[in-house]
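Structure first, commentary second.
The values are calculated or read from the model by the stated rules, or taken from the named source; none is laboratory data. Predicted, not measured: the structure shown is a model, and the values here were computed from it. Ideal geometry is used to build each Cβ from the backbone, glycine not excepted, and the neighbour counts take in all protein chains shown. Ligands, DNA and RNA are excluded from the accessible area calculation, which covers all protein heavy atoms including side chains. Shrake-Rupley method; radii C 1.70, N 1.55, O 1.52, S 1.80 Å.
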Amino acid sequence: EHDPQLLAAARAANMVHQRQLATLRQDLSDDSANVRTAALLDLGFLGDPVAAPWMLPFLDADLHSSAEVEAAILSLTRLRVDIATQLRTIINEHPGELRAAAYNGLARLKRWGTDDWRNRIEDDDDALRASAITNLGHDDNAHDAAGILADALRQDSNPHVRRMAAIGLARLRNPAYAEHLANALTDPNPAVRRYAVEGLANLQAEEYVPNILMAMQSNVAAQHLNRALMMISDQDFGFDPNGSLPERQQAIERAFVWYSSRQR
């Protein structure tokens, strides 16, 4: 406050900022949707909350293009404006990309609840469904959603969704869910098997070692299965995914012998 040069620079910067705001506000009334969309995005980058009321009308998807609505959602959520109610209206009333943008906006605002994820589980869009599964697994208050994750792991047609369900269940770190992960070791997709067995390893679920050993016999995702087995047992049974079938089988049999000795 005692430096004249600094004060002059601050005033000059503020003048530039105010001119930018005025220009972008004017652009919001332009006849071109592309100009309006660009202005909405630029206002978000400027980070000035004074612009929020100017952008709120662009959340009306009946009056504005999808690109404008998406830009408004992005900028308003960057400014941390609470538009959760408007976003849920978009989710309920508008299909496709707008719903995805609204879901992402809720996530940026951290206004998700378990019910929001549940409502997204049955979505026809694979990406939205996978995102819902992922976020259920990262919601520390969503332990009651384990059944949804388990159902997705068991029966979703998309292997990416099943993989994310395995990750989500494992992240909940509840031994009660280990059975679902063990059942997924027969999944035809190697990535699903990998994350299911890594979940079992993190849970130290020794009771499911037989499931791991049976899955290893097909040699699908075998290196991940073997690593998890070693983590659970603290033993190296000499299994080599690149070894011959008799060599692999001998290693599996050694592991079965070890497991049987633990049950006595």
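Set the Förster radius R0 to 22 Å, insert the Cβ-Cβ distance between Asp151 and Asn202 as r into 1/(1 + (r/R0)^6), and round the FRET efficiency to 0.05. Intermediate values should be presented prior to the final figure.
Working: r = 21 Å, r/R0 = 0.97.
E between Asp151 and Asn202, to the nearest 0.05, is 0.55.
Once the other residues with Cβ under 15 Å from the Cβ of Pro188 are scored (Lys, Arg +1; Asp, Glu -1), what is the net sum? With Lys, Arg at +1 and Asp, Glu at -1, the neighbours total +3.
Counting only complete DSSP H runs, which helices of the chain cover 27 Å or more along their long axis at the Cα atoms and score a mean Kyte-Doolittle of -1.0 or above?
Numbers: long enough: 4-27 (34 Å, -0.33).
Helices meeting the criterion: 4-27.
Taking Lys and Arg as +1 and Asp and Glu as -1, the other residues whose beta-carbon sits under 14 Å from that of Val35 total -3.
Across all Cα atoms of segment 22-83, the radius of gyration (one decimal) and Dmax (whole number) stand at 10.1, 28 Å. In angstrom, the C-alpha Rg and Dmax of the chain are 26.5, 84.
Ignoring ligands, DNA and RNA, please state the percent of accessible area on the chain from carbon and sulfur, probe 1.4 Å. Present the calculation step by step, with values, prior to reporting the outcome.
On the way: 6770 of 14020 Å².
Using a 1.4 Å probe with all protein chains present, the chain comes out at 48 percent carbon and sulfur.
When the chain is treated as a Gaussian network with alpha carbon springs shorter than 10 Å, the biggest mean-square fluctuation among Arg78, Arg19, Arg108 belongs to Arg19. The per residue volume of the convex hull around the alpha-carbon atoms of segment 120-264 is 93 Å³.
Computed with a 1.4 Å probe over protein heavy atoms only, the accessible surface of the chain comes to 53 Å² per residue.
Could you grab the relative contact order for segment 201-254? Cα pairs under 8 Å, six or more apart, rounded to a whole percent.
Values: 40 pairs, mean separation 18.5, N = 54.
Taking the mean separation of contacting Cα pairs over the length of segment 201-254, I get 34 percent.
For Asp48, neighbours were defined as the other residues whose beta-carbon sits under 14 Å from its Cβ, and their charges (Lys and Arg +1, Asp and Glu -1) total +3.
What is the calculated FRET efficiency for Glu253 to Ala127, with r their C-beta to C-beta distance and R₀ = 51 Å, to the nearest 0.05? Between Glu253 and Ala127 the formula returns 0.75. Of the whole protein surface, Met231 contributes about 100 Å² of accessible area at a 1.4 Å probe radius.
Model label points for Gln223 and Ala13, set 7 angstrom from Cα along the Cα-to-Cβ axis, are 5.1 nm apart. Length gained on full extension, Asp30 to His94, computed as 0.36 nm times the residue gap minus the Cα-Cα distance: 20.5 nm. Does segment 179-264 come out rounded, prolate or oblate by the C-alpha gyration tensor, with a ≥ b ≥ c the root eigenvalues, rounded set by a/c under 1.5 and, if not, prolate when a/b is larger than b/c and oblate if not? Verdict is oblate for segment 179-264.
Give, in nm to one decimal, the length gained when the segment between Leu63 and Ser244 is fully stretched (0.36 nm per residue of separation minus the Cα-Cα distance).
Details: separation 181, 0.36 × 181 = 65.16 nm, distance 6.61 nm.
Fully extending the segment from Leu63 to Ser244 adds 58.5 nm.
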